[in-house]
Amino acid sequence: MPPLSPNPPPFVPTGRFTDERRKQFLTDHDKGFLTAAELDVLTNLMAKQNKAFAWEDSERGSLRTDFFPPVVIPTIPHIPWTERNRPIPPGLEAEVCQIIRSKIKAGVYEP
């Protein structure tokens, strides 16, 4: 992790951490818990580590398999029991399908 200065330089948009995202972050988290100087240090850290944060599903990544090998869940051969899926209300079907497609595209869900 890069060293942090208690007096960070002025904010410069870096990679994923744009000025709009910084403003939104500060709007959402400036509730008086951190001082202005602490928020500056935090946004400086976020700018330096901008690839560690994802604001959209398309920016998500995955852990390196050499550090975190995939989990294998052992199963035994069986005949699965079936149960009807709960139907999606017709008024929400298009929205639900769009969400599922975007998650598949981003790699969050497997097809």
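The values are calculated or read from the model by the stated rules, or taken from the named source; none is laboratory data. Predicted model, so just to flag it, every value in this text is computed and none were measured. Note: ideal-geometry Cβ built from the backbone for every residue, glycine included; neighbour counts use all protein chains shown. With ligands, DNA and RNA removed, areas are computed over all heavy atoms of the protein, side chains included. Shrake-Rupley method; radii C 1.70, N 1.55, O 1.52, S 1.80 Å.
All other residues with a Cβ under 15 Å from the Cβ of M1 taken together, and with Lys, Arg as +1 and Asp, Glu as -1, what is their net charge? Net charge around M1: +2. For the chain, the residue among V96, T82, V12 whose Cα projects farthest onto the positive side of the dipole built from Cβ charges is T82.
Can you give me the angle between helix 36-48 and the longest principal axis of the chain, using Cα atoms only, in degrees from 0 to 90, rounded to the nearest 10? Tilt relative to the chain: about 60 degrees. Remark: segment 29-99 carries 93 Å² of accessible area per residue (probe radius 1.4 Å; ligands, DNA and RNA excluded).
Here are a few candidate values for semi-axes √(5λ) of the Cα gyration tensor in Å: [x] 105, 14, 6; [y] 25, 19, 16; [z] 40, 21, 13. Which one was actually calculated from the structure I just gave you? Checked against the structure: label [z]. Extending 7 Å from Cα along the Cβ direction at Y109 and again at V96 yields two label points whose distance is 1.0 nm.
Computed from Cα positions, the angle between helix 19-29 and the longest principal axis of the chain comes to roughly 80 degrees.
Each Lys and Arg contributes +1 and each Asp and Glu -1, all at the Cβ; summed about the Cα centre of the chain, the dipole is approximately 180 debye. 3J(HN,Hα) along segment 63-70, derived from phi through the Karplus expression 6.51 cos²θ - 1.76 cosθ + 1.60 where θ = phi - 60°, amounts to 6, 5, 5, 6, 8, 10, x, x Hz, with x in place of Gly and Pro.
Against the chain, whose longest principal axis is taken from its Cα atoms, helix 93-106 shows a tilt of about 70°.
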